[in-house]
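Asks: Below you'll find the structure I mean.
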Amino acid sequence: MDKIRNPFSPGAGAPPPELAGRDGVLEQAEVLFARIRQKRPEKSLIMTGLRGVGKTVLLNEMDRMAREVGYRTVFIEASEQKPLAVLLVPQLRSLLYALDRVAGAGNKVRRGLAVLKSFVGAIKVSFGDVEFGLDIEPEKGTADSGDLEVDLPSLFIAIGEAAEERQSAVAIFIDEIQFFSKAELNALIMGMHKMQQRQLPLVLVGAGLPILPGLAGDAKSYAERLFSFPDIGPLQKEDAAKALQDPVMEEGVAFEAEALEEIFRLTKGYPYFLQEWGYQAWNQAESSPITLQLVHETTKQVIARLDENFFRVRFDRLTDGEKKYLRAMAELGQGPYRTTDITEKLGVESSTALSSVRSKLIKKGMIYSPAHGLLNFTVPLFDEFTRRAIPDDGIFD
Ligand SMILES: Nc1ncnc2c1ncn2[C@@H]1O[C@H](COP(=O)(O)OP(=O)(O)O)[C@@H](O)[C@H]1O
Ligand SMILES: [Mg+2]
């Protein structure tokens, strides 16, 4: 069929033709934005889930929703390289300048800029040529202690007050939130704690791998009180069918029921895989309807494409030891896996000997810890891929 009219969109962050099965979490966001606007308390959101389930797509959609109801928004993507402060400062600066252009009395926006300037001075990181406006002096004694857990909350207060003064609200969107250090997460949590105490209109919407297991003590209990952690998983069968069928119907094409059934069996409802299967099936089909037979014929090709574009990207950067560790996990079937079982599978005496391999795999984003003593792949169906990529040469007999 006409490749140009192919409605599917496999790819990181690519908006799907039909955002199926996410009404619940979208409504949660809608309620959050509206309640904070009305000065009613509400938990901020951190969406957690594996790669390819549609977290980035949801963040973008919520960003749009927030702007529609009068929020000023900031969107950052965490990475291993850049500290939180470096990511936030330029964005918050633009946000304050935008608020400054909104008509209104009061000096809270100017103060916000002064506090931002002192924040920048204190974290002593290089921001290149970022200009902060010539007539603004840093506000000495605020947000300039050099301790992020103290300074970020002060900065949030200044920003929240500035937004409030201009009858606006602020939403900070953070993708890949798991990359932040414990201290950075703590600072964000303390910042949101202040927002709640002072009823200031600033919300945070994050997405990433689960972060709660990595937090401890006060940080953990604050986080549980301040945030709701919706779990973003694979789609239910009906939603998966809708994600495939509705977009092709728009083009006057249909999937046969058995074809949908088979795609669901192969993808287990994971959104990225649904897009990839839909995309290939459309391109291979001669005409409507898309049949079970055709799905069978395209499966090999889809798997090859997934291996290439989705699975192999990170896999090729691993050392042999790291690959072997993953292979041992895959050997145990579906996750999550107990660390002790993996250690045993590898025939190693103590699990401490493997702790550096483990932490490197976590750093590289291949695995994560859903709970103490447990590990899982960050990518759905990665166990199957690992078994395909590394043949079992009897290494675990
Ligand atoms: N609800 C959904 N229904 C159908 N496809 C979706 C849905 N959510 C996301 N997708 C598709 O899944 C893929 C991965 O989405 P992305 O937001 O990058 O996932 P993540 O950020 O969780 O890794 C994209 O191709 C996107 O179009
Ligand atoms: Mg993403």
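Asks: Please state which one of Gly365, Gly373, Gly347 is buried (at least 16 other Cβ atoms within 10 Å of the Cβ), in the same structural domain as Gly333 (by TED's automatic domain parsing) and out of contact with any Cys (no Cβ under 9 Å at 6 or more places or on another chain).
Replies: It is Gly365.
Asks: Moving on to the next point. So, Arg35, is that one farther than 27 Å from Thr378 by Cβ and surrounded by 13 or more Cβ atoms within 10 Å (Cβ to Cβ) or not?
Replies: Criteria met by Arg35.
Asks: Moving on to the next point. Out of Gln178, Gln199, which single residue is in contact (Cβ under 8 Å) with a residue 12 or more places away in the chain, under 17 Å from Arg40 (Cβ atoms) and either open to solvent by 10 Å² or more (accessible area, probe 1.4 Å) or assigned to a helix (DSSP H, G or I) (or both)?
Replies: Within the list Gln178, Gln199, the selection yields Gln199.
Asks: Here is a list: Ala254, Ala259, Ala281. Which entry is more than 22 Å from Leu381 (Cβ to Cβ) and not hydroxyl-bearing (Ser, Thr, Tyr)?
Replies: The unique qualifying residue is Ala254.
Asks: Of the conditions (1) closer than 30 Å to Pro41 by Cα; (2) more than 16 Å from ligand 1 (Cβ to nearest atom), Phe229 clears all except one; give me its number.
Replies: That leaves (2) as the condition not met.
Asks: If you don't mind, another one. Before we move on, is Ile4 over 17 Å from the mean Cα position of the chain (by Cα), of a type in the set (A, V, I, L, M) and modelled with pLDDT of 95 or more? Walk me through it before giving the result.
Replies: Numbers: over 17 Å from the mean Cα position of the chain (by Cα): yes; of a type in the set (A, V, I, L, M): yes; modelled with pLDDT of 95 or more: yes.
Here the answer is yes, as Ile4 does meet what is asked.
Asks: Return yes or no: is Ala285 open to solvent by less than 50 Å² (accessible area, probe 1.4 Å), away from ligand 1 (no atom under 11 Å from the Cβ) and either free of Cβ contacts under 8 Å to residues at least 40 places away in the same chain or touching a Leu at 6+ places or on another chain (Cβ under 6 Å) (or both)?
Replies: Yes: the conditions hold for Ala285.
Asks: Any idea which of (1) open to solvent by 70 Å² or more (accessible area, probe 1.4 Å); (2) assigned to a helix (DSSP H, G or I); (3) within 16 Å of ligand 2 (Cβ to nearest atom) is the one Glu80 doesn't satisfy?
Replies: Single failed check for Glu80: (2).
Asks: Can you go through Glu68, Glu61, Glu27 and tell me which one is of a type in the set (Asp, Glu), within 30 Å of Gln199 (Cα to Cα), free of Cβ contacts under 8 Å to residues at least 12 places away in the same chain and within 16 Å of ligand 1 (Cβ to nearest atom)? Let's see the steps before the verdict.
Replies: Details: Glu68 fails: within 16 Å of ligand 1 (Cβ to nearest atom); Glu61 fails: free of Cβ contacts under 8 Å to residues at least 12 places away in the same chain.
The conditions single out Glu27.
Asks: Go through the residues of region 42-58 one by one and say whether even a single one is touching a strand residue (DSSP E or B) at 6+ places or on another chain (Cβ under 7 Å), basic (Lys, Arg), open to solvent by less than 60 Å² (accessible area, probe 1.4 Å) and closer than 27 Å to Lys182 by Cα.
Replies: Yes, some residue in region 42-58 is touching a strand residue (DSSP E or B) at 6+ places or on another chain (Cβ under 7 Å), basic (Lys, Arg), open to solvent by less than 60 Å² (accessible area, probe 1.4 Å) and closer than 27 Å to Lys182 by Cα.
Asks: May I pose another question? Specify which of the listed residues (Gln301, Gln293) is surrounded by fewer than 22 Cβ atoms within 10 Å (Cβ to Cβ), in a helix (DSSP H, G or I) and modelled with pLDDT of 95 or more.
Replies: From the options Gln301, Gln293, the qualifying one is Gln293.
Asks: Going through region 224-267 one residue at a time, which ones are of a type outside the set (Asp, Glu), open to solvent by 60 Å² or more (accessible area, probe 1.4 Å) and part of a helix (DSSP H, G or I)?
Replies: Arg225, Lys237, Lys242, Met249, Ala257, Arg265
Asks: For region 324-335, which residues satisfy the criterion of being over 12 Å from Phe382 (Cβ atoms) and either open to solvent by 60 Å² or more (accessible area, probe 1.4 Å) or not aliphatic (A, V, I, L, M) (or both)?
Replies: Lys324, Tyr325, Glu331, Leu332, Gly333
The values are calculated or read from the model by the stated rules, or taken from the named source; none is laboratory data. All values reported here derive from a predicted model rather than from experimental measurement. Cβ sites come from the backbone with ideal geometry, for glycine too, and all protein chains shown count toward neighbours. Surface accessibility is based on the protein's heavy atoms, side chains included, excluding ligands, DNA and RNA. Shrake-Rupley method; radii C 1.70, N 1.55, O 1.52, S 1.80 Å.
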